[in-house]
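Right, one structure below, let's go through it.
The values are calculated or read from the model by the stated rules, or taken from the named source; none is laboratory data. Nothing here was measured: the structure is a model prediction, and the numbers come from that model. No Cβ is skipped: glycine too gets one built from the backbone with ideal geometry, and neighbour counts run over all protein chains shown. The area values use the complete protein model at the heavy-atom level, side chains included, leaving out ligands, DNA and RNA. Shrake-Rupley method; radii C 1.70, N 1.55, O 1.52, S 1.80 Å.
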Amino acid sequence: MMISGTLNFNIGVLGHVDSGKTSLAKALSTVASTASFDKNPQSKERGITLDLGFSSFVVDAPDHIKESGYEKLQYTLVDCPGHASLIRTIIGGAQIIDAMMLVVDITKGMQTQTAECLVIGEILCDHLLVVLNKVDLVAPEKRKSSIEKMTKRILLTLQQTKFVDAKVIVAAAKPGGPEGSDMEPIGVNELIDALQKFSYIPKRETTGPFLFAVDHCFSIKGQGTVMTGTVLQGTIFVNDTVEIPSLKVTKKVKSMQMFRQPVEKASQGDRVGVCVTQFDPKQLERGVVGIPGLIQTAFGVLAEVVKISYYKLPIETKSKFHVSIGHETVMAKVTFFGTEDKLCIEDKFIYDHTYKYQEELLDLKKLDDDASFKPVHQFALLEFEKAIQIPPNSVLIGSKLDMDIHTNLCRLAFKGTPLEIFLDKNFRDTQLEKAKVYKNKSKEGVIERLASESEVIVKNLLKKDTNIQLFLGLKVKLSSGEEGIIDGTFGQGGKLKVRITNGLQDTTKAALQKLSGGKKRAKGGQENQPRAVENLEPVKVILNFKKFVFSNEKRLVQT
């Protein structure tokens, strides 16, 4: 945004529940937007943030920002909830920030949710500042040593992340807690100085299609409905038309404000209130808005995915995860597959390639050298339980938000980038078959008897109710070394005729003759107990093939 040379810079304020994030935002902020400091009555009652809060303050731009033509620097603080069950809101909020401020309670240190915030930050952000809060709760004589000890611990944790050079600032946003309302915050001026040095000119794309993340909605009598949020890409002008895809409506932009200042346009990174022609604000608490036709309603996606190393449980195919994309979180069934080939993936799934089905998502950093399958790329089919709106260039995070909120385990399981978005509800029948994902399958039977010099009857290779037509013409291998081809069925019991390509070896024929001759029929057609000759090993028949898991025709292939 540029109002009289003012740069808007969005900072996500994240951290564990009750680490003092909201108090810190209040101590910093002078101008609050409509959605700031969480108006949820439950939140006020409990003293914790249940929703994204937005507030701002303006300072003089530091020299390195002034060089780009800005006189003022406006910080928009996105106060993200810290309660464990509300992580989906954090994920939605983290996608609209330029930098992250991680708040740590000095009396508790790094906790599970703090680590989860770090993981989200690593996925969605490149810049981090740590605030060691509530230093007033440490006795003055122990304060210095406690600060040094906790700072060392935090920096040690950050060594394993991309935030290895992050700075730690010491503060007490609300000394004395709720009772100490008249006490001045500690360290806020030092924090503002650090923020000024830490700030940079974010890359803003003012061209391209307009996309807007809405976090709050209300109506003004006689004027229209106001959507407040952050511009994710492009530029919007008064009198433009925007689409609200979740409501399937388009609306005209009547007016706009940025922190109570009327404006004619807003661009990527700007925090803005957009007043459009009237609709019921209760229908849109949070979501994405854009130019007509930009945002797609999806029933599933194909995505390239990576396991998050902090997640300690297996991530198995056919299991269900919470998947967060944009501002929505939905339950999705997952199917994983991968390839050992290096692919040149830009933003589209490569259908011409063949992929191997995986029973679970692998942590590639922890694969053994002798692992039988070492994928270079891993992918997931995500089948949503309900349709959701997906903005362009979205990232996705899979998590287990139904885990016990008091668990010490990280609940963020995998991250990824959508490559194919399925807009058709019946995409499994209409589109998915193009994805060539195979399972290696193996079946084993035994030769019951010789039918001729070059044909044998095989039992137990396939079940009785199997569709034999799928297997006709497939190659098999005998445990004695010969190769054959499945020619057809024999009788009604699921037995098969197998033609031996180059004829049976004499030793195999002899063994089979002994096996079939090792039983003597008694009167009445009943078999006597087999003779000792039946201790001979039966000749096994092995069938190896590839089954394409998304094929409607249940196609089987051999290589």
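Annotations
- Residue match in region 452-467 (condition: open to solvent by 10 Å² or more (accessible area, probe 1.4 Å), within 30 Å of Glu304 (Cβ to Cβ) and touching a Ser or Thr at 6+ places or on another chain (Cβ under 9 Å)): no
- The set of residues from region 410-442 being farther than 29 Å from Gln389 by Cβ and open to solvent by less than 70 Å² (accessible area, probe 1.4 Å) comprises Lys436, Tyr438, Lys439.
- Pairs are defined by a Cβ separation below 9 Å, a sequence spacing of at least 6 or placement on different chains, a first member in region 423-439 that is free of Cβ contacts under 8 Å to residues at least 40 places away in the same chain, and a second member that is in a loop (DSSP other than H, G, I, E, B) and of a type in the set (Phe, Trp, Tyr); no pair meets this definition.
- A count restricted to region 542-556 and to residues that are of a type in the set (Val, Ile, Thr) and under 32 Å from the mean Cα position of the chain (by Cα) stands at 1.
- Residues in region 128-145 that are of a type outside the set (S, T, N, Q) and open to solvent by 60 Å² or more (accessible area, probe 1.4 Å): Leu137, Pro140, Glu141, Lys142, Arg143, Lys144.
- Yes/no for Lys342 being open to solvent by 40 Å² or more (accessible area, probe 1.4 Å) and assigned to a loop (DSSP other than H, G, I, E, B): yes
- Being in contact with a Phe, Trp or Tyr (Cβ under 6 Å, 6 or more places away or on another chain) and buried (at least 19 other Cβ atoms within 10 Å of the Cβ) is a condition met by no residue of region 273-281.
- Scanning region 371-396 for residues that are more than 13 Å from the chain's Cα centre (by Cα), buried (at least 17 other Cβ atoms within 10 Å of the Cβ) and outside any strand (DSSP E or B) yields Pro375, Pro391, Pro392.
- Failed item in (1) under 27 Å from Leu73 (Cα atoms); (2) out of contact with any Phe, Trp or Tyr (no Cβ under 8 Å at 6 or more places or on another chain); (3) crowded, with 18+ Cβ neighbours inside 10 Å, with Pro245 passing the rest: (1)
- Residues in region 35-64 that are at pLDDT below 80 and either part of a helix (DSSP H, G or I) or surrounded by fewer than 16 Cβ atoms within 10 Å (Cβ to Cβ) (or both): Lys39, Asn40, Pro41, Gln42, Ser43, Lys44, Glu45, Arg46, Gly47.
- Verdict on Ser19 being of a type in the set (Ser, Thr, Tyr), within 21 Å of Leu137 (Cα to Cα), at pLDDT 50 or above and in a loop (DSSP other than H, G, I, E, B): yes
- Hey, Phe321 of a type in the set (Phe, Trp, Tyr), in contact with a strand residue (DSSP E or B) (Cβ under 9 Å, 6 or more places away or on another chain) and over 28 Å from Asp369 (Cβ atoms) or not: yes
- Taking each residue of region 534-559 that is within 20 Å of Val446 (Cα to Cα) and open to solvent by 70 Å² or more (accessible area, probe 1.4 Å) and looking for partners that are of a type in the set (Val, Ile, Thr) and in a strand (DSSP E or B) with beta-carbon atoms closer than 6 Å, six or more apart or interchain, yields Lys540/Val446.
- A search for C-beta distances below 6 Å between a residue of region 298-315 that is of a type in the set (D, E, K, R) and any residue that is surrounded by 21 or more Cβ atoms within 10 Å (Cβ to Cβ) and not in a loop (DSSP other than H, G, I, E, B), counting only pairs 6+ apart in sequence or on different chains, returns Glu304/Phe379; Glu304/Gly416; Lys307/Phe414.
Per-residue answers, yes or no, for (1) closer than 16 Å to Thr206 by Cα; (2) among the small types (Gly, Ala, Ser); (3) in contact with a Lys or Arg (Cβ under 7 Å, 6 or more places away or on another chain):
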position: Met227; (1), (2), (3): no, no, no
position: Thr230; (1), (2), (3): yes, no, yes
position: Phe237; (1), (2), (3): yes, no, yes
position: Lys252; (1), (2), (3): no, no, no
position: Gln257; (1), (2), (3): no, no, no
position: Cys275; (1), (2), (3): no, no, yes
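- Region 131-169, residues that are touching a Ser or Thr at 6+ places or on another chain (Cβ under 8 Å), of a type in the set (A, V, I, L, M, F, W, C) and either in contact (Cβ under 8 Å) with a residue 60 or more places away in the chain or more than 20 Å from Leu14 (Cα to Cα) (or both): Leu137, Val138
- Selection from region 354-370 of residues that are modelled with pLDDT of 95 or more and either in contact with a helix residue (DSSP H, G or I) (Cβ under 7 Å, 6 or more places away or on another chain) or outside any strand (DSSP E or B) (or both): Glu359, Leu361, Leu362
- Where strands (runs of 3 or more DSSP E) fall entirely within region 99-170, none has at least 3 residues that are farther than 21 Å from Asp193 by Cβ.
- Filtered by the rule that a residue be of a type in the set (Asp, Glu) and under 19 Å from Glu328 (Cα atoms), region 279-303 gives a lone residue, Glu285.
- Restricting the search to strands (runs of 3 or more DSSP E) fully inside region 181-295 and requiring at least 3 residues that are more than 31 Å from the chain's Cα centre (by Cα) and free of Cβ contacts under 8 Å to residues at least 60 places away in the same chain gives 249-258.
- Taking region 300-334 as the range and being crowded, with 20+ Cβ neighbours inside 10 Å, at pLDDT 95 or above and assigned to a strand (DSSP E or B) as the test, the residues that pass are Gly300, Val301, Leu302, Ala303, Val305, Lys307, Phe321, Ala332, Val334.
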